[in-house]
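The values are calculated or read from the model by the stated rules, or taken from the named source; none is laboratory data. All values reported here derive from a predicted model rather than from experimental measurement. Glycine also receives a Cβ, built like all others from the backbone with ideal geometry; neighbour counts cover every protein chain displayed.
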Amino acid sequence: MEIEIVDYKGTKVMELSGEIDMYTSPELRRELMGLLHKKVSPLLVDFKEVSYIDSSGIATFVEGLKGIKTYGGRLKFFSIPDRILEIFNFSKLDRVFEIYRNLDEAIKS
Amino acid sequence: MRDSAIITIPSHPKYLAIVRAVTGKMAELSGMAESAIEDVKLAVDEACSNVIKHAYKGNVNQKIVLRFKTSPKGFEVIIEDNGLKVHPESLVGRDLEDIKPGGLGIHFIKKVFDIFAFDEKKKKGNRLRLLRYIKGKDGD
């Protein structure tokens, strides 16, 4: 898994690629918690290049969502591949995460 | 078609990618549909993650043995460890409506495998049997 944090017109975007599993999710958690510590909001997460996610990755994002809400922040996901979206849907997390089709929609919402 | 394979991995999360790769190839050999193969890969990954977390309590220097078998009946994976006994009654996933970190892995396993059973005859450690019956021509 690779994580890149970019600044898109003043908005922080976390670009993820590769596989998020029990091995890689601790690194994701560190990055995410680091941004939350700085009270970043909104935080956008680009899933376009994510090929796999397991329950540890999902748990990391649930924790991130809870953390960002403590200071009234927003966590927005976009460009989620169908397979990953299926996992979010099955877990009923599509109801709690803000999910957008692309970066523009996520920025404008 | 009958195929079989056995792999032994250290109980380190970095080997989960190998588990997924072998699971995917064996599921492919069984003729499973692509979407089902992805479900099976996730389920076997979750079962091995549970071994690392619960049976070995995060000890990364132990062993996990996976036995794959395909047959006209279905796709079977047996996962063995020498860790702490897992009490099946304690393996209850969280209520899916109750959004909190954790407790999803067991749902992913039970979604895809028809049989999820611990061998009670194994004295030390755990032997988990997962079986997915062949369902229709596309495996869904």
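Taking the range A:86-108, which residues are in contact (Cβ under 8 Å) with a residue 12 or more places away in the chain and within 24 Å of A:Tyr8 (Cα to Cα)?
Of the residues in the range A:86-108, the ones in contact (Cβ under 8 Å) with a residue 12 or more places away in the chain are A:87-88, A:91, A:93, A:96-103, A:105-107.
Scanning the range A:86-108 gives A:Phe97, A:Glu98, A:Ile99, A:Tyr100, A:Arg101, A:Asn102, A:Leu103, A:Glu105, A:Ala106, A:Ile107.
The number of residues in the range A:1-56 being touching a helix residue (DSSP H, G or I) at 6+ places or on another chain (Cβ under 8 Å), part of a strand (DSSP E or B) and basic (Lys, Arg) comes to 1.
Yes/no matrix, rows are residues, columns are (1) of a type in the set (Lys, Arg); (2) under 14 Å from the mean Cα position of the chain (by Cα); (3) surrounded by fewer than 20 Cβ atoms within 10 Å (Cβ to Cβ):
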{"site": "B:Val51", "(1), (2), (3)": "no, yes, no"}
{"site": "B:Gln62", "(1), (2), (3)": "no, no, yes"}
{"site": "B:Arg67", "(1), (2), (3)": "yes, yes, yes"}
{"site": "B:Ile78", "(1), (2), (3)": "no, yes, yes"}
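Scanning the range A:47-56 for residues that are facing another protein chain (nearest Cβ under 10 Å) and touching a Phe, Trp or Tyr at 6+ places or on another chain (Cβ under 7 Å) gives a single hit, A:Ser55. The residues of the range A:1-22 that are within 14 Å of another protein chain (Cβ to nearest Cβ), surrounded by 19 or more Cβ atoms within 10 Å (Cβ to Cβ) and of a type outside the set (D, E, K, R), listed by number, are A:Met1, A:Ile20, A:Met22. Among the residues of this structure, A:Ser25 does not count as one that is surrounded by fewer than 16 Cβ atoms within 10 Å (Cβ to Cβ) and modelled with pLDDT of 95 or more. Looking at this structure, is B:Glu76 more than 13 Å from chain A (Cβ to nearest Cβ) and under 22 Å from B:Glu120 (Cα atoms)? Here the answer is yes, as B:Glu76 does meet what is asked. Checked against (1) surrounded by fewer than 18 Cβ atoms within 10 Å (Cβ to Cβ); (2) at pLDDT 95 or above, A:Asp54 passes all but condition (1). The number of residues in the range B:25-46 that are within 14 Å of chain A (Cβ to nearest Cβ), crowded, with 22+ Cβ neighbours inside 10 Å and in contact (Cβ under 8 Å) with a residue 40 or more places away in the chain comes to 6.
Which residue, of B:Lys100, B:Lys111, B:Lys124, is at pLDDT 90 or above, surrounded by fewer than 15 Cβ atoms within 10 Å (Cβ to Cβ) and assigned to a loop (DSSP other than H, G, I, E, B)? Explain how you work it out, then say what you get.
On the way: B:Lys100 fails: at pLDDT 90 or above; B:Lys111 fails: assigned to a loop (DSSP other than H, G, I, E, B).
One residue alone meets the criteria, B:Lys124.
The single condition among (1) in contact with a Ser or Thr (Cβ under 8 Å, 6 or more places away or on another chain); (2) at pLDDT below 95; (3) farther than 22 Å from B:Tyr15 by Cβ that A:Val96 does not satisfy is (1). I'm checking my understanding of the structure. Among residues of the range A:57-93 that are part of a loop (DSSP other than H, G, I, E, B) and touching a Phe, Trp or Tyr at 6+ places or on another chain (Cβ under 6 Å), which one is farthest from the other protein chains (Cβ to nearest Cβ)? Checked the range A:57-93; the qualifying residue farthest from the other protein chains (Cβ to nearest Cβ) is A:Ser79.
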